[in-house]
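In what follows, a single structure is set out as structure tokens and then discussed.
No lab work stands behind these numbers, since they all come straight from the coordinates. Keep in mind the model is a prediction, meaning the values are calculated, not measured. Neighbour counts are summed over all protein chains in view; Cβ atoms, including those assigned to glycine, are modelled from backbone coordinates with ideal geometry.
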Amino acid sequence: MEKKIGLFWLRDDFRTVKNDGLIEATRNHDQVVVFYLYKQDTYKDQEAQKWWLSKSLISFRKKLNNYNISLQVVETNSFKIFFDKLTKKNNFVIYWNKVYEPDYLKFDEYLSSNLKKKSINFKRFKGNTLNEIDEIKKNDGTPFKVFTPFWRAAEKYYIEKVPSKEKIIKKCIKKKNYFENCIEPEKILPRKNWFENFEKKWLPDEENALKELQNFINDRISNYSEGRNFPNIVGTSKLSPFIKFGQLHVETIWKECVKKKSKTIGTSKFLAEIGWREFNHTLINYFPHMLKGNYSKKFNKFPWEKNSKFLTAWKKGLTGYPIVDAGMRELYSTGWMHNRVRMIVGSFLVKHLLINWKEGEKYFKNCLLDYSPANNIAGWQWVAGSGADAAPYFRIFNPILQGEKFDKEGEYVKKWVPELKNLSKKFIHKPWEYKDKNFKLGSDYPFPIVNHEEARAKALKAFKQI
Ligand SMILES: Cc1cc2nc3c(=O)[nH]c(=O)nc-3n(C[C@H](O)[C@H](O)[C@H](O)COP(=O)(O)OP(=O)(O)OC[C@H]3O[C@@H](n4cnc5c(N)ncnc54)[C@H](O)[C@@H]3O)c2cc1C
């Protein structure tokens, strides 16, 4: 056993199962301290995630207590300043898992060389992906830009890899604190208390994540291919915030899914969605310019329009298109939105309203509990048509037909837009055709802010310009 203390830098890995860095630290040291560096700056536009983060810190601290490990939260404005100060001492070995975002990986390089210079031992481990992001390349050594061949190669590579022996976390001999001037996780909670709704819907801890995974595998995965399209039912896993914060490792998800002997179409489809996440993480690292703007540079000339009235109506769920409004209200109320509806509301913003996808990306970032730069930015650019392997811009979702196809009875709309609860399925996705003395369009529910056919024609004209 190492005499020095083991420090584990906790980032997006709030778990004890398949947490390589943390597990290794507990196997090498009698005393381990887990620390989280809270940068206010990072979270200033991620209000919803402040709630998830705060709750995750509280539940993980409790769990680590059982292993005699303390979790300390340190507030800092700069990782560099923090580590420059920390490495003045040399009484520890430091462990962490990778986060596959360019800034994190760049900082890892800085930190590693600094630690080497100071002869401080450290160990860096694979993060929350199936493969390392640079392991999957085309035969000519260049990165994949299209999902299907990427996933074929990535899946094969993962299956053929010799699995590493799974280790488990060890109980430390004695609990100890290491850092001074720490903050309590409650301090991180957002100022506005709209998150009270989240408390009724989500329980951000590892135990619950594992339980939700089992529920999904037992009850829903076999029908996932079909069920995932309909927002009125719980047909997907709803695991995204747990995956983002690392309460679940995707290798654990994979393992539990294939444990079921018959790999159904549902399982394959579900794992392919995990594949999209994997693909997006490779994209943002190979093409980091897409984190700031369009992956496809021809979109830099797109004639976006600025219209704060439309943008506000979209955010508030008051566009007059029921499926769009239902999605936006679900997002604000629960911190999550169904994937089908993310595509519909996204398409509506960029194609019907001609508003730059970056505005939507920013709003989602602030409201989503599962926000991740890779998935959000790639998701928005997929919708806008400016991304790699994206939906072509000229394919414009018709919000009425999308509603009629994926929310046939209007149940989803009625749940989130109760003003429309009395409308039959004939009118639920086009309330402007509903005539009833007790329902007044314009006061009970807004007129559509744009006309679908006109907006479509305008979008196609704008697209022709590029
Ligand atoms: C405009 C837009 C923005 C998005 N922003 C995010 C985001 O910030 N964070 C995020 O995790 N997902 C994002 N997505 C992808 C997707 O909508 C969510 O991952 C999914 O809805 C989460 O619900 P679930 O866990 O029930 O998914 P399931 O269908 O159960 O899928 C399982 C997991 O696979 C991954 N996944 C599923 N679909 C996708 C996808 N299309 N792309 C990448 N990964 C996927 C997620 O980790 C998800 O938890 C976005 C999609 C769009 C169209």
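Any idea what diffusion coefficient the chain gets from Stokes-Einstein, in µm²/s, Kirkwood Rh on alpha carbon pairs, 20 °C, 1.002 mPa s?
90 µm²/s
Note the angle between two axes, namely the Cα long axis of helix 452-464 and the longest principal axis of the Cα atoms of the chain, as a number of degrees from 0 to 90, rounded to the nearest 10.
Roughly 60 degrees, rounded to the nearest 10.
Which whole number in µm²/s is D for the stretch 5-127 by Stokes-Einstein, with the Kirkwood Rh taken over Cα pairs at 25 °C and 0.890 mPa s?
164 µm²/s
Ordered by packing density, taken as the mean number of other Cβ atoms within 10 Å over each peptide's residues, highest first, how do 112-121, 240-249, 333-342 rank? Walk me through the intermediate numbers first.
Numbers: 112-121: 12.8, 240-249: 24.4, 333-342: 21.1.
Packing order, densest peptide first, comes out as 240-249, 333-342, 112-121.
Given a Förster radius of 60 Å and the C-beta distance between K62 and E419 as r, what FRET efficiency does 1/(1 + (r/R0)^6) yield to the nearest 0.05?
Rounded to the nearest 0.05, the efficiency is 0.90.
What ³J(HN,Hα) values, in whole Hz, does the Karplus curve 6.51 cos²θ - 1.76 cosθ + 1.60 give for the stretch 39-51 when θ = phi - 60°, with x put for Gly and Pro?
Each residue of the stretch 39-51 in turn: 9, 4, 4, 4, 8, 5, 10, 10, 4, 4, 5, 4, 5 Hz.
Farthest toward the dipole's positive end in the stretch 297-464, which of L368, A326, A459, given Cβ charges of +1 (Lys, Arg) and -1 (Asp, Glu) about the Cα centre?
Going by the charge dipole, the pick is A459.
Arrange T236, T42 by Cβ neighbour counts within 10 Å, fewest through most, would you?
T42, T236
Angle between the Cα long axis of helix 147-160 and the longest principal axis of the chain, 0 to 90 degrees, nearest 10?
30 degrees
Using Cβ contacts closer than 10 Å as the measure, can you line up D325, D41 from fewest to most?
The most exposed by this proxy come first: D41, D325.
What residues qualify as long-range amide H neighbours of E75, i.e. H under 5 Å apart, gap of 5 or more or another chain, H built at 1.01 Å from N?
Y38, I183
Are any of the pairs K365/K461; K430/K461; K39/K85; K126/K176 more than 19 Å apart by Cα-Cα distance, and if so, which?
K365/K461; K430/K461; K126/K176
Once phi is turned into ³J(HN,Hα) by the Karplus curve 6.51 cos²θ - 1.76 cosθ + 1.60 with θ = phi - 60°, what whole-Hz value does each residue of the stretch 111-123 show in order, with x for glycine and proline?
Per-residue couplings from phi come out as 5, 4, 5, 5, 5, 4, 4, 8, 6, 9, 6, 8, 9 Hz.
In whole Hz, what ³J(HN,Hα) sequence does the stretch 321-331 give by Karplus (6.51, -1.76, 1.60; θ = phi - 60°), x for Gly and Pro?
Rounded to whole hertz, the list is 9, x, 5, 5, 5, 4, x, 5, 6, 4, 4.
Between 0 and 90 degrees, rounded to the nearest ten: what's the tilt of helix 206-219 against the longest Cα principal axis of the chain?
That helix lies at roughly 50 degrees to the long axis.
How much length would be gained if the chain were fully extended between E109 and K437, taking 0.36 nm per residue of separation minus their Cα-Cα distance, in nm to one decimal?
Result for the pair: 111.3 nm of gain on full extension.
Post the alpha-carbon centroid distance, the stretch 343-412 to the stretch 21-65, in whole angstrom.
32 Å
With N residues in the stretch 134-187, what two-decimal value do you get for its Cα radius of gyration over 2.2 N^0.38 Å? Provide the component values of the computation, followed by the final result.
Numbers: Rg = 21.2 Å, N = 54, 2.2 N^0.38 = 10.0 Å.
After normalising by residue count via 2.2 N^0.38 Å, the value is 2.12.
What does the charge dipole of the chain about its Cα centre add up to, to the nearest 20 debye, if the Cβ of each Lys and Arg holds +1 and the Cβ of each Asp and Glu holds -1?
Working: 86 positive and 54 negative charges, 94 e Å.
Computed about the Cα centre, the dipole is about 440 debye.
Among K137/K269; K201/K269; K50/K138; K244/K425, which pairs are too far apart, with a Cα-Cα distance over 31 Å?
K50/K138; K244/K425
Please state the relative contact order of the stretch 5-127 as a whole percent: Cα pairs under 8 Å, 6+ residues apart?
This gives 33 percent for the stretch 5-127.
Run down the aspartates and glutamates and flag those whose C-alpha is under 20 Å from the C-alpha of K170, throwing out any fewer than 8 positions away in its chain.
E2, D13, D20, E24, D30, D205, E206, E207
To the nearest 500 deg cm²/dmol, what mean residue ellipticity at 222 nm is calculated for the chain from DSSP H runs of n ≥ 4 alone, each contributing -39,500 (n - 2.57), summed and divided by the residues?
Mean residue ellipticity, 222 nm, calculated: -13500 deg cm²/dmol.
Quick one: what does P(r) look like for the stretch 268-364 with 10 Å bins over all Cα pairs, in whole %?
Percent of Cα pairs in each bin: 14, 39, 35, 12, 0.
For a bin width of 10 Å, list the pair-distance distribution of the stretch 297-464 built from all Cα-Cα distances, rounded to whole %.
P(r) over the stretch 297-464, rounded to whole percents: 10, 41, 35, 12, 1, 0.
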